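Chemist: My questions all concern the structure below.
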Amino acid sequence: MTISRRVVLHFPRLLVDQPIVYHLVKDYNLEFNILKASVTPKEEGLLVLELSGEQSDYEQGMQYLTGIGVGIQLLSQNVIRNETRCTHCGACITICPTSAFTLELPSRRVNFQAEKCIACGLCIKPCPPRAMEVRF
Amino acid sequence: MGKTIAEINERIGKGQAVVVTAEEVIEIAADKGIKEAAREIDVVTTGTFGPMCSSGAYLNLGHSKPRIKFGGGSVYLNEVPAYTGFAAVDIFIGATALPDNDPQNKIHPGDFNYGGGHVIEELVAGKDVRLVAIAHGTDCYPRKKLETLLNIKDLNEAVLFNIRNAYQNYNVAVNLSDRTIYTYMGVLKPNLGNANYSTAGQLSPLFNDPWYKTIGIGTKIFLGGGVGYVAWQGTQHNPAVLRGDNGVPRRPAGALAVIGDLKQMKPQWLVGTSMFGYGCNITVGIGVPIPILSEEILRYTAVRDEDILAPIVDYAEAYPQRQPDILGEASYAQLKSGKIMVREKEVPTVSLSSYAKAAEIAQTLKEWIKRGEFLLTEPVAPLPGVEAGITFKSLEEHPI
């Protein structure tokens, strides 16, 4: 079965210069799409990837990453809507490049579909009550 | 037919009043006709929940020992400056006030993370707020400096007093330029990238009473989750604008000044907000009950989104330069569909006011009235109508 997952990878300092994504492709036959990449001032790496491939390959790939010391989280655990602050206005809807926010009808409440989110952060500041949080 | 507010209140008191929301009344009027609907229904409840800049609260802080006179001095609440030009311990905190050290738009667009609206929300939530005050000191008020935590429960008065809320209609904001702009109508993407509007349409109070026939000074309302009153017409109240055949203004028109006890309100309905690149604000919940005194009043409350038109305005050039040009009009039904046509381009639309929350306010007010907890008031004076001859003035500069 083919699956597709958005994951956030945290690289410790020692791994920042290693060709890890290359191994995911070459050894585990996974397709990747880089959504975000950065190296912090402490030289730790952050990589947000969309990975697709056979489920067994994906699982083995994840085992490989865990084994060499890369921290893995699903992207949906990193982008959070503060439900008490959200007023369901809709300011986020046209800002989001991946249409992760949709208007639910007939209630006209704003839905956030975390699985569509690419953690770009564009919604954070245009949200008047500042309900969106990205935590890496 | 014809009912009086006293008769409606009697029915509310007995738990017999028929109360529906401004959404529900549309279907009832369509099913049963205006005449029958007007006979059956006693009250229609409206609601709106959007950013309303001209909002603030006055507080009486009580007297410290020894005494200090804040009047004419400086007072900060969580670093946000309050207005002190009153007697010794009365202050006013406005929703758009910013800390003195806020970077504002020095690096554009500024974040505007915390301002007066957030202070009001925290007060209402029962959180302690940090007061720092500097005064000049007098024989009767010797103290010159005071730093303390304040809690709303320890204040003599905390009163929300908003001088312009619940605007009757508002612009649909778009951007014709080739760069993103940051406005009080939200972030507007270049080349007609999006269109932002801000009203609850068919649920909005003044769309349901377009000629101000029931809403007047003294009208009791839902305000910020508590009870408030219409204090006056809102600033910039401008009844004599272009109107549709149904009487509904097609341009920004009337507005309400409202007042109520902040201690009774809830943070859920007074939310401090940040307009990216623009400033701080507060999102206010207001619900106004409309007594169905006649068939005419019922007909007004049955107004539908498709019958309400709003002007589309370019916020890159026309608005800032005070040019009167509009790019067309859109109905609230079109705006709520998620896209409108502007200059032959399909433009995605969103609202800055929450329709879902406006509906919740109308529903809450309906429940209060049905349970007999909320009686209607007779206005003590009407709001100025078209006949008042109000002309909307701009600031024309005169050399000094």
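The values are calculated or read from the model by the stated rules, or taken from the named source; none is laboratory data. Treat the numbers as computed from the prediction; the structure is a model and nothing was measured. Backbone-built Cβ (ideal geometry, glycine too); neighbour counts: all protein chains shown. Side chains included, ligands, DNA and RNA excluded: accessible areas come from the protein's heavy atoms. Shrake-Rupley method; radii C 1.70, N 1.55, O 1.52, S 1.80 Å.
Chemist: Among the residues of the stretch B:331-338, is there at least one that is in a strand (DSSP E or B) and surrounded by fewer than 24 Cβ atoms within 10 Å (Cβ to Cβ)? Quick ask: steps written out before the conclusion?
Modeler: Of the residues in the stretch B:331-338, the ones in a strand (DSSP E or B) are B:331.
From the residues that got through so far, the ones that are surrounded by fewer than 24 Cβ atoms within 10 Å (Cβ to Cβ) too are B:331.
Checked against the condition, which is being in a strand (DSSP E or B) and surrounded by fewer than 24 Cβ atoms within 10 Å (Cβ to Cβ), the stretch B:331-338 yields at least one hit.
Chemist: Inside the stretch A:51-90, can you point out the residues that are within 14 Å of chain B (Cβ to nearest Cβ) and within 20 Å of the chain's Cα centre (by Cα)?
Modeler: A:Asn82, A:Glu83
Every residue, every condition in (1) within 16 Å of B:Ile282 (Cβ to Cβ); (2) out of contact with any Leu (no Cβ under 9 Å at 6 or more places or on another chain); (3) open to solvent by less than 20 Å² (accessible area, probe 1.4 Å), yes or no:
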| residue | (1), (2), (3) |
| --- | --- |
| B:Gly71 | no, yes, yes |
| B:Leu77 | yes, no, yes |
| B:Ile91 | no, no, yes |
| B:Leu98 | yes, yes, no |
| B:Gln104 | no, no, no |
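Chemist: Note down all Cβ pairs under 9 Å where the first residue falls in the stretch B:162-186 and is under 22 Å from B:Asp305 (Cα atoms), the second is modelled with pLDDT under 95, and they're at least six residues apart or on different chains.
Modeler: B:Tyr167/B:Thr199; B:Gln168/B:Thr199; B:Asn169/B:Thr199; B:Tyr170/B:Thr199
Chemist: Then there is this: Does B:Asp31 fit the bill of being in a loop (DSSP other than H, G, I, E, B) and acidic (Asp, Glu)? So that I can check it myself, show each step before the final result.
Modeler: On the way: in a loop (DSSP other than H, G, I, E, B): no; acidic (Asp, Glu): yes.
So B:Asp31 fails the test.
Chemist: Among the residues of the stretch A:91-136, write down those that are facing chain B (nearest Cβ under 10 Å) and part of a strand (DSSP E or B).
Modeler: The answer is A:Phe101, A:Thr102, A:Leu103, A:Glu104, A:Arg109, A:Val110.
Chemist: Counting only residues that are part of a strand (DSSP E or B), open to solvent by 10 Å² or more (accessible area, probe 1.4 Å) and not small (Gly, Ala, Ser), how many does the stretch B:350-400 have?
Modeler: Final tally of qualifying residues: 1.
Chemist: Just checking, how many residues over the stretch B:272-288 are within 23 Å of B:Ala231 (Cα to Cα), in contact with a helix residue (DSSP H, G or I) (Cβ under 6 Å, 6 or more places away or on another chain) and in a strand (DSSP E or B)? Full working, then the answer.
Modeler: The initial filter retains those residues of the stretch B:272-288 that are within 23 Å of B:Ala231 (Cα to Cα), namely B:272, B:281-288.
Still in the list and also in contact with a helix residue (DSSP H, G or I) (Cβ under 6 Å, 6 or more places away or on another chain): B:272, B:281-282, B:285, B:287-288.
From what's left, in a strand (DSSP E or B): B:272, B:281-282, B:285, B:287.
Result for the stretch B:272-288: 5.
Chemist: Identify all residues within the stretch B:1-46 that are under 25 Å from B:Gly225 (Cβ atoms) and open to solvent by 40 Å² or more (accessible area, probe 1.4 Å); write none if there are none.
Modeler: B:Gly13, B:Gly15, B:Val18, B:Glu23, B:Glu24
Chemist: Among the residues of the stretch B:192-209, which ones are of a type outside the set (Ser, Thr, Tyr), within 17 Å of the chain's Cα centre (by Cα) and in a loop (DSSP other than H, G, I, E, B)?
Modeler: Of everything in the stretch B:192-209, those that are of a type outside the set (Ser, Thr, Tyr), within 17 Å of the chain's Cα centre (by Cα) and in a loop (DSSP other than H, G, I, E, B) turn out to be B:Ala200, B:Asn208, B:Asp209.
Chemist: For the list (1) open to solvent by 20 Å² or more (accessible area, probe 1.4 Å); (2) within 30 Å of B:Lys266 (Cβ to Cβ), I need the number of the one condition that A:Ser56 fails.
Modeler: Result: A:Ser56 passes all but (2).
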